[in-house]
Amino acid sequence: MNLRDLPIYNPYSDAYNSLFLTKSEVMNLTEKDNPIDVFNSWYTEAEKTEINDPTAMSLATCTKEGRPVVRMVLLKGVDERGFVFYTNLGSRKAGELNETPFAALCFHWKTQRRQIRVEGAVERVSDEEADAYFATRSRLSQLGAWASKQSQPMDGKWELEKRVAEYTAKFNVGEVPRPEFWSGFRIVPDSIEFWSDGKFRLHDRFVFAKEGEKWNVTRIFP
């Protein structure tokens, strides 16, 4: 496309709107809304349109030196207590969460033109919760959890494949138990922001902040 072919900016121009914009819903959240219910509603809609992994979320942690670190993980549970993911307890992220038990999450659903940001303290899930989730994983994923020394150096892919073979032989056809070094973390939210795309970057943003047992909501500038 040649830049000269672009229409002159006019917020009331149908040509401009049809070229660059999508219709934006009118979003209005109040203190009557429960942010976890709103999250579940948005997630249900994202499941219908996101081609891959609507559970994908960026997880931001911090080192003891104050350096931020971010990576993608998958959401494995959400309720009034918070947002849960699982990992090897020897991984870098687990180490950072043990040192600085606070984290932030961001869900970005491009097909929905929506984001949700979550901030809060972090706690370990119970052994019972971790066992119950681990039991739902495929057998190969269970064996992979045993075989991978997550975040540690390895000589080559063959080393990982060798360890998978070793644990496959060890557990044979029996049940694969959850490793003691593998569990979950829960981000207990004290702030949840809902962002919805708006025309000309005039986005809708609502922040729920937890005060005691109550959620207060504030609309903020985009």
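In table form, for the structure just shown:
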| item | result |
| --- | --- |
| Residues of region 154-169 satisfying the condition of being within 16 Å of Ser141 (Cβ to Cβ), of a type outside the set (A, V, I, L, M) and in contact (Cβ under 8 Å) with a residue 12 or more places away in the chain | Arg163, Tyr167, Thr168 |
| Region 56-83 - residue that is closer than 15 Å to Ala94 by Cα, within 16 Å of the chain's Cα centre (by Cα) and of a type outside the set (A, V, I, L, M, F, W, C) and, of those, surrounded by the fewest Cβ atoms within 10 Å (Cβ to Cβ) | Arg71 |
| Residues of region 167-217 satisfying the condition of being closer than 30 Å to Ser91 by Cα, more than 22 Å from the chain's Cα centre (by Cα) and among the basic types (Lys, Arg) | Lys170, Arg178 |
| Enumeration of residues in region 43-75 that are closer than 21 Å to Asp190 by Cβ and in contact with a strand residue (DSSP E or B) (Cβ under 6 Å, 6 or more places away or on another chain) | Met57, Ser58, Leu59, Ala60, Thr61, Cys62, Pro68, Val69, Val70, Val73, Leu75 |
| Positions within region 210-222 being surrounded by 12 or more Cβ atoms within 10 Å (Cβ to Cβ) and among the hydrophobic types (A, V, I, L, M, F, W, C), in sequence order | Trp215, Val217 |
| Filter result (of a type in the set (A, V, I, L, M, F, W, C) and surrounded by fewer than 16 Cβ atoms within 10 Å (Cβ to Cβ)) within region 200-209 | Phe200, Leu202 |
| Segments classed as strands (runs of 3 or more DSSP E), wholly inside region 1-107, with at least 1 members that are at pLDDT 95 or above and of a type in the set (Asp, Glu) | 77-79 |
| Some residue of region 151-172 being under 28 Å from Val207 (Cβ atoms) and out of contact with any Pro (no Cβ under 6 Å at 6 or more places or on another chain) | no |
| Leading residue by the ranking (surrounded by the most Cβ atoms within 10 Å (Cβ to Cβ)) among those in region 155-199 that are among the small types (Gly, Ala, Ser) and farther than 28 Å from Glu96 by Cα | Ser196 |
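The values are calculated or read from the model by the stated rules, or taken from the named source; none is laboratory data. This structure is a prediction, so every number in the text was calculated from the model and none was measured. A quick note on method: Cβ atoms are made from the backbone with ideal geometry, for glycine too, and the neighbour counts reach across all protein chains shown.
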